[in-house]
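Have a look at the structure below before the remarks.
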Amino acid sequence: MPTIKNYLSLVKFSHTIFAMPFAMIGFFLGVQYINSIPFISSNNVVWDDLRVIGHAYLNSMNFMFSFALVIICMITARSAAMAFNRYLDRTFDAKNPRTAIREIPRGIISPNSALRFVILNCILFITATFFINKICFYLSPVALFVILFYSYTKRFTPLCHLVLGLGLSLAPIGAYLAVTGRFDILPILFSFAVIFWVSGFDIIYALQDIEFDKSQNLYSILTALGKTKALHVSELLHVLSAACVIAPGIYGGFHWLYWFGIAVFVGMLIYQHSIVKSNDLSRVNIAFMTANGIASVVFGALVIADLLIS
């Protein structure tokens, strides 16, 4: 019988490190927006003091409740998407030497168990959005469609990397909506940064399977353009991602911590392209996991610190 550890391995829970910091950026942007709404005085000192105390208490409770729900949404949505991808690709995974060790091909988790896990996470995700606000609840099926649909795209379009990026890019917008119930420019800019960033590093990661994908008639930028041109596309996507993290810094009037975060983020983008070449794939995993993990966590932490200080 599969254990919790098996399911965590199935969905590569450690890869949550990529999108979670951007969700937290969206969340704290929302908190900043709520805190910027001016307090209207009643010209009664005692009553105003009581209102301030009451608002502070309610805001702290709402903060903790919203924060917990956003975390639940992030984990369940991503778990549903990853498990569905493993379920749908189980036949391909069994044929590919690199992926044959995964839980479904090895028989550790049955396909039906994986599908039930997907359905459970989808239900938990929608339930969590119900307790957030109406707009998140109404948009929850749309979000699930995007992140689940990605698993089909490699069967008919080389733009599958961009669809993956689109799915993860919902994190900052969704978290901001959870707090404010409205769309805004800053979280949208961060979402574009995620689209280009994730699409770019997914091309690098897919270098490992280019020959297998060709043999199975699966689509990707790599099978369409070849390794060298695909890496150039990845570089272009990462240039666009860098532009999309610089733009909020200018538009939002962030401070030095934010710009230091950008330096780290862009530095990690440059680093991963410096160590991966079309004729040398030995450090693909370092580029994929280590460089991008550092980029996401450090950038996210510094942006949030900048928001809290300001």
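The values are calculated or read from the model by the stated rules, or taken from the named source; none is laboratory data. All values derive from a computational prediction rather than experimental measurement. Virtual Cβ from ideal backbone geometry, glycine too; neighbours counted across all protein chains shown. To get the accessible areas, we keep the full protein, side chains included, count just its heavy atoms, and leave off ligands, DNA and RNA. Shrake-Rupley method; radii C 1.70, N 1.55, O 1.52, S 1.80 Å.
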Query - Candidates 224, 193, 242, filtered to the one that is in contact with a Pro (Cβ under 9 Å, 6 or more places away or on another chain), of a type in the set (Gly, Ala, Ser), under 18 Å from residue 21 (Cα atoms) and not in a loop (DSSP other than H, G, I, E, B) - result: 193
Query - Breaking point among (1) at pLDDT below 95; (2) part of a helix (DSSP H, G or I); (3) out of contact with any Ser or Thr (no Cβ under 8 Å at 6 or more places or on another chain), for residue 143 - result: (1)
Query - Qualifying positions in the range 248-265 - open to solvent by less than 40 Å² (accessible area, probe 1.4 Å) and either without any contact (Cβ under 8 Å) to a residue 60 or more places away in the chain or touching a strand residue (DSSP E or B) at 6+ places or on another chain (Cβ under 7 Å) (or both) - result: 249, 254, 257, 258, 261, 262, 264, 265
Query raised in the report: Are any residues in the range 201-221 touching an Asp or Glu at 6+ places or on another chain (Cβ under 8 Å) and assigned to a helix (DSSP H, G or I), and if so, which ones?
Result: 206
**Report entry** Close pairs (6 angstrom Cβ cut-off, 6 or more residues apart or separate chains): open to solvent by less than 40 Å² (accessible area, probe 1.4 Å) in the range 272-290, at pLDDT 85 or above and among the acidic types (Asp, Glu) anywhere
**Finding:** 273/235
Report summary line: Scanning the range 274-283 residue by residue, those in a helix (DSSP H, G or I) and in contact with a helix residue (DSSP H, G or I) (Cβ under 6 Å, 6 or more places away or on another chain) turn out to be 275
Report summary line: Of the candidates 173, 147, the one satisfying the condition of being in contact (Cβ under 8 Å) with a residue 60 or more places away in the chain, within 13 Å of the chain's Cα centre (by Cα) and closer than 21 Å to residue 92 by Cα is 147
Query raised in the report: Of all residues in the range 111-168 being touching an Asp or Glu at 6+ places or on another chain (Cβ under 9 Å) and small (Gly, Ala, Ser), which is surrounded by the fewest Cβ atoms within 10 Å (Cβ to Cβ)?
Result: 151
Requested in this report: Would you mind finding the one in 67, 84, 131 that is under 24 Å from residue 18 (Cα atoms), modelled with pLDDT under 95 and of a type in the set (Phe, Trp, Tyr)?
Outcome: 67
Query - Residue tally, condition farther than 17 Å from residue 75 by Cβ and not in a loop (DSSP other than H, G, I, E, B), over the range 89-115 - result: 14
